[in-house]
Amino acid sequence: MATKKEWTEYFALINDREPSAEEVIKAVESGDISINTNSNTKDGGFAEAELSEKTHKAYKNAKKQAGNYWVWIKPILGHPSEHANVTGTIFLWLTFAIASITGALSFSNVVRRSLNAAYQSYSAFSGNSQATMIRQSLDAFNMQLFFYAVVIFAILYLAALPGLLLVNRTVFSVKITVSKYLKWFVPLTFINIIGAILSFFVPIPSMSISTLSDTESIMRTLFNSFSILAVIAVIGVAILMIGQQFMVMEAHPNNQKIDALWLVLLQWIMSIIVILIELKIVITPLLETLTKSIGNF
């Protein structure tokens, strides 16, 4: 059993809202909330047995919530524009993380496969004693590339938030704006998962002594591979832009002082400005670090 304060905090964490008076009364009646003070504990704390019981109950509840992720995501995936208000902060940020990871995997995996193909060709005819060292450096670079790609995708995905917070500040709170925006990562995650799967199957140029001189064929194959993933990326960007438009239109219906068209345009301009700042402060230094890593091969 828990005190009313502790039970209320736990309820808000799980359900993303405060409990109603009826729910508190039911919790008291069911024994979830203790109305007695235990003289053997300090500051209204729990006895060891009660703490163990609460921990076990929290674990079961968390496990149940994890199992409900598909139940939560399925209706949003099918009809994202119809779900104006979405609760479940943990699920929203989990979906954002999955979208960032799978988006980064799509491109970093093609680079990894291409570098591995080049290394296999090199080790097949070189016989260089440094092949093992190059293999270790290549593995380290691939891990670094994937991590940097996740960071880059995450910050680019969040570039639209400052504009949305400014444009919709008089209508939606910060929490509601963030939740409404993160909802659109549900369909984006679906698209990115498709891209991540395709990254294992898109063609990678075969490299051997006989084909190394055919640079045109190699570049054409790489271009085709990245073009497939670029289409996936464009679809993902389109989803987020449509979502932003829905949010601005919802907050600013017709007959406003400023037409929603200009507000949408303002939000897009702000997103571009934020992206340029991210490129300057974060993305460019990361790419420079990657370039130095390539030079160490």
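The modelled label-to-label distance between Asn15 and Thr291, using points 7 Å beyond Cα along the C-beta direction, is 5.5 nm.
Here the peptides 161-174, 103-116, 277-290 are ranked by packing, the mean other Cβ count within 10 Å, and the order with the highest first is 103-116, 161-174, 277-290. The amide H of Ile33, built 1.01 Å from its N in the peptide plane, has Ala2, Val28 as neighbours under 5 Å, considering only residues 5 or more places off or on other chains. According to the square roots a ≥ b ≥ c of the eigenvalues of the Cα gyration tensor, what is the shape class of region 229-292, taking rounded for a/c under 1.5, prolate for a/b larger than b/c otherwise, and oblate for the remainder? Taking the square roots of the gyration eigenvalues as a ≥ b ≥ c, region 229-292 is oblate.
The distance between label points at Ile258 and Ala154 comes to 3.1 nm (points 7 Å beyond Cα on the Cα→Cβ vector).
Each reported figure results from applying straightforward, stated rules to the coordinates on display, with no laboratory input. Predicted model, so just to flag it, every value in this text is computed and none were measured. Reconstructed Cβ throughout: ideal geometry from the backbone, glycine too, with neighbour counts over all protein chains shown.
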